[in-house]
1. Among what's in the stretch B:60-81 and is modelled with pLDDT of 95 or more and not β-branched (V, I, T), pick the residue that is farthest from B:R127 (Cα to Cα).
2. Can you find even one residue in the stretch B:183-202 that is more than 22 Å from A:Q116 (Cα to Cα) and within 14 Å of chain A (Cβ to nearest Cβ)?
3. Collect the residues in the stretch B:15-70 that are under 20 Å from the mean Cα position of the chain (by Cα) and among the basic types (K, R), keeping them in residue-number order.
4. Only one of (1) modelled with pLDDT of 95 or more; (2) loosely packed, with under 14 Cβ neighbours inside 10 Å; (3) basic (K, R) is not met by B:R192, so which one is it?
5. Within the group B:V151, B:V144, B:V180, B:V138, which residue is under 20 Å from the mean Cα position of the chain (by Cα), surrounded by 15 or more Cβ atoms within 10 Å (Cβ to Cβ) and within 30 Å of A:P138 (Cα to Cα)?
6. Among residues belonging to the stretch A:58-71 that are among the β-branched types (V, I, T) and either surrounded by 17 or more Cβ atoms within 10 Å (Cβ to Cβ) or out of contact with any strand residue (DSSP E or B) (no Cβ under 7 Å at 6 or more places or on another chain) (or both), point out the one that is nearest to the other protein chains (Cβ to nearest Cβ).
7. Say we look at the stretch A:72-93 and pick out the residues that are crowded, with 21+ Cβ neighbours inside 10 Å and assigned to a loop (DSSP other than H, G, I, E, B); which of these is nearest to the other protein chains (Cβ to nearest Cβ)?
8. For the stretch B:132-175, enumerate the residues that are touching a residue at least 12 places away in the same chain (Cβ under 8 Å), farther than 22 Å from B:M197 by Cα and in contact with a helix residue (DSSP H, G or I) (Cβ under 8 Å, 6 or more places away or on another chain).
Amino acid sequence: MTTAGGEELPKKLQLYSFFMSSASFRVRIALNLKGLDYEYKAINLFKKEQHSPEFLKINPIGYVPALVDGDIVLADSFAIILYLEEKYPQHPLLPHDLEKRAINYQAANIISSSIQPLISLPILQYIGENVGPDAKIPWIQKHVGKGFAALEKLLKDHAGKFATGDEIFLADLFLAPQIIGLTQRFNYDMTEFPLLSRLSEAYKQVPAIQGAMPDKQPDFPIN
Amino acid sequence: MSSILLTTKGNNGEELPKKLQLYSFSTSPPSFSVRIALNFKGLDYEYKAVNLFKGEQHRPEFIKINPIGFIPALMDGDMVIADSFAIILYLEEKYPQHPLLPRDLANKAINYQAANFVCSSIQPLIRLPILKYIGENVGHEEKVPWVHKHVGKGFAGLEKLLKYHAGKYATGDEIFLADVLLAPYIIGYLQRYNFDMSEYPLLSRLAEAYIQVPSIQDAMPEKQPDFPIN
């Protein structure tokens, strides 16, 4: 965005994001779907940049992703997405029907509470160091398998083209990064999960998701 | 699966089933959170006990009602909803009395953030099956350090998050979503792990405030039909 005099004005929204972080990916999809312009502020979690004084000054909790919208600083992908949904109602991310909304909340929570926290890098590192390097894959299989099996059951009677109907909603914002991340990071075998496999194929056709992919972000390593 | 049928009376004095049924385990913090929300909204419900220690969540009778098998689960007519956060958001929309979210969007967002801290950063890592795995595969003496590490990290985050927002309660002078998710962890649950709350002055103060609140008192594990007597 530029002024008449040609100088760059700061974009109103800033997203502190790491290209690989599946939680950051969820928020990037939401911003894309709502057509919201934002400044990408890369935080490299491998280099522990979330602990840098500059970042902590803006976001004392130090979590990524974090959204800055004027005076508001918000972390946690779920909170950010629900905030965006109310502040910028274009392209709603939740259906009108209360039952379908509840399905979306549940699906998002299965991902954000039952799967992702258990397969984060620090947890896998702990398992690898304290149980054994061979324990990591079975651990991932167990927790992802349980979560994905739950999602197959939850979404069975509700899915359309996407998770809860024919439009992209909250559930898809959580599902897409999880499935894409697992297949890319661990070559996860999705054959037991036919609905999720089908959704995964559908997500490949969605521009807002494709634009949010890790390899499209400014901090994706070039080599 | 034991249950105590609490019913309302129809016109002829006949017993009518309560519309809402909550599948709950007395000592489980997420179940406690949903009980708090139901109490705040003045919602009557039938308590259906599911003993997680005995693996009752895997029994066919329960799986038939709730294929996902998670506790807590709420049944409202034909709908079954699992997961405490999802249940509470559903209750908030379906039964708007005594709102559990503030109107102010910035404050609402802080509530979502604090609630998810608990649901995504703390609860998933200290659930019984996880602690069982740590105990069996790393060592039984490792369970307490594990709890201290992950709860400590989450609580340190919450202290920072809520510092400039707290009033009498977490995000102001009324009980909201953040309080409902947080309370079950800070009023006694962590004593079994010798967790030292003194490093968390704000949370300690909130705990003192929470135990004065009737809707929270009535939701406490000790008051539930399935609280273990011994």
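1. Ranking the candidates gives B:D76 first.
2. Within the stretch B:183-202, one or more residues are more than 22 Å from A:Q116 (Cα to Cα) and within 14 Å of chain A (Cβ to nearest Cβ).
3. B:R35, B:K41, B:K48, B:K54
4. Failing condition for B:R192: (1).
5. None of the other options fit; the residue is B:V151.
6. Taking the candidates together, the pick is A:I61.
7. Among those residues, the one meeting the criterion is A:D76.
8. Matches in the stretch B:132-175: B:I134 only.
The values are calculated or read from the model by the stated rules, or taken from the named source; none is laboratory data. This one's a predicted model, so the numbers in the text were calculated from it and none came from an experiment. Cβ: placed from backbone, ideal geometry, glycine included. Neighbour counts: every protein chain shown.
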